[in-house]
Amino acid sequence: HEYLDVLFDFLTPQPTRVPTKNMKVRLVTKARRLMWSWGVMGKLAHMAQTADEQEIVIQSKEETMACYLVDYAKMLYRNQPDWLKLKFPLKRGMSVDDFARDNLEWANGSKILAIPQGASKLNTLHPSVHFMDEAAFQDEGQAAFNSAVAAASFIICVTSAWPSWFHDLAGEDRFPIHALKVMRGVAYTETRRGAPMLWFDCSAHPEQDKEWEEREKPNYTSESEFNRQQHCDYTAGGGEKVLRDRMEARW
């Protein structure tokens, strides 16, 4: 799955597959079922295991969802061969099951921690990496992102399309066919202030072609909902952004 190579390259400070000089922020709009959450957690678990004193903070709308991502890291550690576990032991010789669900720590001082949404949750943290999962769905996402810019060394925001603050940040309504094409189903843009963003359409997956789309569409309540979840269309569904803007103005 070549798109995973693009994913891992993009999550480095100096990627080679896209023309960005930004070494701090990584934004991603993606279709469902492309294993982005697994991919990011694989990258972050590797970082925590092999680099000392990393503080990696996972933030989701609810702490329970962030804990699921920490579970991914635990599963990856648990399924390593024994020689790797001996080379990269956990804190004080503990096993994976000894940790609370919201954290995992290594003997090298690195840790992965789950927190719920909200800018205030970052007040006492200075993470090496701040990962916002499904960032567009976080009601306090914009404030949390701005706090992370001040506090974190590296920021990763990954989301499915949803009309929200992240839509405004992206500056595009849907998968940008005019943008730099990195590979099939993957495009690169920059926000108005120059932050790099990758777009992953469902067609990035080698098995998801037009025939797959025709089989998959009937499973959704509408074609617009399919377009939102699989073609990164922030405006699909009709009127959500207009309604949101009116509600914000009313408040």
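The values are calculated or read from the model by the stated rules, or taken from the named source; none is laboratory data. In this text the structure is predicted, and so the values were computed from the model without any measurement. Cβ: placed from backbone, ideal geometry, glycine included. Neighbour counts: every protein chain shown. Only protein heavy atoms, including side chains, enter the accessible area calculation; ligands, DNA and RNA are left aside. Shrake-Rupley method; radii C 1.70, N 1.55, O 1.52, S 1.80 Å.
Values for this structure:
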read-out: The stretch 37-76, residues that are touching a helix residue (DSSP H, G or I) at 6+ places or on another chain (Cβ under 7 Å) and farther than 10 Å from ILE112 by Cβ; value: SER37, TRP38, GLY39, GLY42, LYS43, GLN59, SER60, LYS61, LEU76
read-out: Counted residues, the stretch 176-201 - those being outside any loop (DSSP other than H, G, I, E, B), closer than 15 Å to THR20 by Cβ and of a type in the set (A, V, I, L, M); value: 6
read-out: The stretch 28-59, residues that are charged (D, E, K, R), touching a residue at least 40 places away in the same chain (Cβ under 8 Å) and either closer than 14 Å to SER153 by Cα or touching a Leu at 6+ places or on another chain (Cβ under 9 Å) (or both); value: LYS30, GLU53, GLU55
read-out: Residue match in the stretch 61-75 (condition: open to solvent by 70 Å² or more (accessible area, probe 1.4 Å), in contact (Cβ under 8 Å) with a residue 60 or more places away in the chain and within 30 Å of PHE226 (Cβ to Cβ)); value: yes
read-out: Those strands (runs of 3 or more DSSP E) lying entirely in the stretch 107-175 with at least 3 residues open to solvent by 10 Å² or more (accessible area, probe 1.4 Å); value: 111-115
read-out: Sole exception among (1) crowded, with 20+ Cβ neighbours inside 10 Å; (2) modelled with pLDDT under 95 for GLN230, by number; value: (2)
read-out: Hits in the stretch 25-54 - residues which are open to solvent by 60 Å² or more (accessible area, probe 1.4 Å) and over 22 Å from ALA150 (Cβ atoms); value: ARG32, ARG33, MET35, TRP38, HIS46, THR50, ASP52
